[in-house]
1. Looking at the structure I just gave you, is Ile248 surrounded by 16 or more Cβ atoms within 10 Å (Cβ to Cβ), within 20 Å of the chain's Cα centre (by Cα) and either of a type in the set (Val, Ile, Thr) or not in a helix (DSSP H, G or I) (or both)?
2. Would you pick out the residues in segment 314-329 that are assigned to a helix (DSSP H, G or I) and either among the basic types (Lys, Arg) or more than 22 Å from the chain's Cα centre (by Cα) (or both)?
3. Could you tell me which residue of segment 169-206 is least open to solvent (accessible area, probe 1.4 Å), considering only residues that are β-branched (Val, Ile, Thr) and under 19 Å from Asn62 (Cα atoms)?
4. Restricting to segment 208-264, give me the number of residues that are touching a His at 6+ places or on another chain (Cβ under 9 Å) and of a type in the set (Val, Ile, Thr).
5. Find all pairs meeting these conditions: Cβ atoms under 6 angstrom apart; at least six residues apart or on different chains; first residue within segment 331-348 and surrounded by 11 or more Cβ atoms within 10 Å (Cβ to Cβ); second residue among the β-branched types (Val, Ile, Thr) and in a loop (DSSP other than H, G, I, E, B).
6. For segment 59-93, what are the residues that are in a helix (DSSP H, G or I) and either without any contact (Cβ under 8 Å) to a residue 60 or more places away in the chain or of a type in the set (Ser, Thr, Tyr) (or both)?
7. Given (1) open to solvent by less than 30 Å² (accessible area, probe 1.4 Å); (2) touching a residue at least 24 places away in the same chain (Cβ under 8 Å), identify the lone condition not met by Val214.
8. How many residues does segment 133-168 contain that are open to solvent by 10 Å² or more (accessible area, probe 1.4 Å) and on the phi > 0 side of the Ramachandran plot?
Amino acid sequence: MATNGAIVDHVQVEENSHVRTIILNRAHKLNSLSSQMVSRLHEVFVACEKDPEVKLVSLKGNGKAFCVGGDIAEQIYVSTEGHWRLGAKIFESLYNLIYKIATLDKPQVSILNGMVMGAGCGISIPGRFRVVTEKTVFAMPEAAMGINIGVSFFLSRLPGFFGEYIGLTGARLDGTEMLACGIATHFVPSTKLSLLEEALNKVNTSDPDIISAVIDKFSEQPPLQEGSAYHRLDIIGRCFSRNTVENIILTLETEFVKAGDAWISEAVHLMNKASPICLKVFLKSMREGRLQGLGQCFAREYRISCHGLQVGQDMFEGYRAYFLRKDHTPKWEPSRLELVTDEMVDSYLLKVDDDEWEDLVLPVKSNSSTMAKL
């Protein structure tokens, strides 16, 4: 992108002795990831992994957002103006990037000061340390926008069925809730971030205990707000452990009659607005993710994403409703949950019927620390 004749680098890298600070620098687009940014980030992470002088990687965003996800406009454009496989290539690159981050043999500190959504969650949650502030807002609004993407490996490993709750509703979490459920590892007031970054830039070790101790010096343990849904893990467990989306909503409605909690009615409202087929595909993906490894989850999600580009009318309709028309009244197809059959859902997890299409192939990694990061 050119501004006043100057080329703007959307991925900046600062070298501080043994630390590499990666900065997402597309603030006017809330640091949404373009295909060029994904490719550049992959190059940077590969270089960091190979460089023995690099002990720590730090990732942050310029402006009021860390990253609000992938560049949906680009994915839709290349899929409609060219061919759906061009959009699939973008997803393939994104999953390879997230896998690189998840299996990186050096610790990563993600500073999530601002909005973090969609693919922004994908490039931060796999890192060893996730630092949030009072300005952090987290959400996975994919189902509400008709997009069949999720981080089924990571969300399925949150306490109880909290991952199903935030994925199916797209509910927003603040920094304290992210810390409580384990999405974040530390809470640091935004006024202390400059001091934290200064201290991190002096790190000369990859020892996670030492790095954690550095972050601890600036960390706090703020209390959850009284109205937080995380206080209601027992109700969330009763409702979101159900085997179907219909039963989840029915159980939520029953709980609302008994308790009258505002978060329950909001959860039902959000799910009723979302794409019916995306809700069902997401739930099936999450349930499989609970029993699978990282590579298996990514391979399944890549299939789902490709089907969404090839036959998923809801992905394009969600884009039109939320980004073009901006009327927030998408016309989903099928329009109701009861019209979505098991066969429709299962088809999203099958291989794509295209001679030129291939399953996602990830590099073989010996690093098994991914689980330890969560």
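1. Judged against the criteria, Ile248 is not a match.
2. Result: Arg320, Leu324.
3. Among those residues, the one meeting the criterion is Val188.
4. Matching residues across segment 208-264 total 1.
5. Going by the 6 Å Cβ cut-off, the qualifying pairs are Pro334/Val340.
6. Within segment 59-93, Glu74, Tyr77, Val78, Ser79, Thr80, Glu81, Gly82, Leu86, Lys89, Ile90, Ser93 meet the criteria.
7. Every listed condition holds for Val214 apart from (2).
8. Adding up the residues that qualify gives 1.
The values are calculated or read from the model by the stated rules, or taken from the named source; none is laboratory data. What you are looking at is a predicted structure, and each value in this text was computed from that prediction instead of being measured. Backbone-built Cβ (ideal geometry, glycine too); neighbour counts: all protein chains shown. In case anyone asks, the SASA skips ligands and DNA or RNA and just uses the protein heavy atoms, side chains included. Shrake-Rupley method; radii C 1.70, N 1.55, O 1.52, S 1.80 Å.
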